[in-house]
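Here is the structure we will look at.
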Amino acid sequence: MDFQSAEKKAKDLQNLLNQYSYDYHVLDQPTIPDAEYDRLLRELLEIEEQFPELQTADSPTQRVGGETLSMFHKVQHTIPMLSLGNAFDDQELRDFDRRVRQGVGDNVSYVCELKIDGLAVSLIYEDGMFIRGATRGDGTTGEDITSNLRTIRSLPIRLKKPVSLEVRGEAFMPKKSFVALNKARKEREEEPFANPRNAAAGSLRQLDPKIAASRNLDVFLYGIADVGDTGIRSHSEGLDYLEQLGFKTNKERRKVDSIEAVIEYVNGWVEKRPDLPYDIDGIVIKVDSLDQQAELGTTAKSPRWAIAYKFPAEEVVT
Ligand SMILES: NC(=O)c1cc2c(N)ncc(C(N)=O)c2s1
């Protein structure tokens, strides 16, 4: 095959495979059998081996980097990654609502989202390309784990629009991956992980990206660090924008207009929690309007416009 036709074939295969991967890992709607995906990937690998200049950064063959790192570099979060204040019962949710309405008046909408029990991460994109991923760390200084985050199949390497932005989300290990991993570890007489959150943290701390790639991690994105001049006015519009860019967001979110509706949503999830394919440790409630969020502001540690309702610790089933 000459270079011209190899270049076209490689481009077509990269776009096709990235679309299939998006359907499978972001939309959870596989469109071709795994064997067909693997066959196309092998075809692309052969062309890229013959013409290495075709190995573009967003090629699906480049998800799992080569080299093992010697260490993780520290990175500064230009916009701090804050933690959330907690509420442990309905009354504390009503207290939160009263404080919010004292600050911005009675015309308030909330967005309720599942609180994923994983690891908070920050992803930076420039002109639509994933260039840096980091842990939360202490909120201002985190660790650069770009090569490990790249291995998460639902994390887009190239966005659907060439925009530059920073997004925040939660990397996690689905329950099924956790059970399989601990089974394999027991067979190798290795210490099992206590829970999916620890397993996800341990996987993202691996210096060899091939190990992280083998752990079947996933990620939900839930925030934009700075909406800049996008014209986005609310958190829910921000989540829709993340979806348009190709990010995986959690579909269980619900926008409501009263704290009573928040309490109903929260109580609904207490018994549905065990049926989820991933661990959650609560519900995050956010004021939807970005103007109202700005009016309420933040303390040094956490936003006044959001709160995490924490479920009672689930008895651990080993
Ligand atoms: N520490 C934080 O600010 C957050 C932590 C989490 C989490 N673990 N899961 C979901 C959300 C969300 N949907 O906003 C947030 S926000």
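Observations
- Anisotropy class of the range 208-318 from Cα gyration tensor, a/c 1.5 cut: oblate
- Taking 13 Å as the straight-line reach from the Cα of residue 161, the aspartates and glutamates in range (excluding those fewer than 8 positions away in the same chain) are 126, 127, 243.
- Partner lysines for residue 286 [C-alpha distance under 18 Å; skip if fewer than 8 residues away on the same chain]: 115, 251, 255, 301, 310
- Applying 1/(1 + (r/R0)^6) with r as the Cβ-Cβ distance of residue 189 and residue 5 and R0 = 41 angstrom yields a FRET efficiency of 0.20.
- Here residue 88 and residue 179 are evaluated by their C-beta separation; at R0 = 35 Å the FRET efficiency comes out at 0.75.
- Over the residues of the chain, the helix contribution to mean residue ellipticity at 222 nm works out to -11000 deg cm²/dmol, using -39500 (n - 2.57) for each DSSP H run of at least 4.
- For the range 175-291, accessible area per residue (1.4 Å probe, heavy atoms of protein chains only), Å²: 50 Å²
- Largest GNM mean-square fluctuation across 115, 255, 161, computed for the chain with C-alpha springs under 10 Å, falls on 161.
- The chain, accessible surface, carbon-and-sulfur percent (1.4 angstrom probe): 51 percent
- With Cα atoms defining each centre, the range 239-291 and the range 130-203 are spaced 21 Å apart in the structure.
The values are calculated or read from the model by the stated rules, or taken from the named source; none is laboratory data. Bear in mind the structure is a predicted one, so any value in this text is a computation, not a measurement. Cβ sites come from the backbone with ideal geometry, for glycine too, and all protein chains shown count toward neighbours. Only protein heavy atoms, including side chains, enter the accessible area calculation; ligands, DNA and RNA are left aside. Shrake-Rupley method; radii C 1.70, N 1.55, O 1.52, S 1.80 Å.
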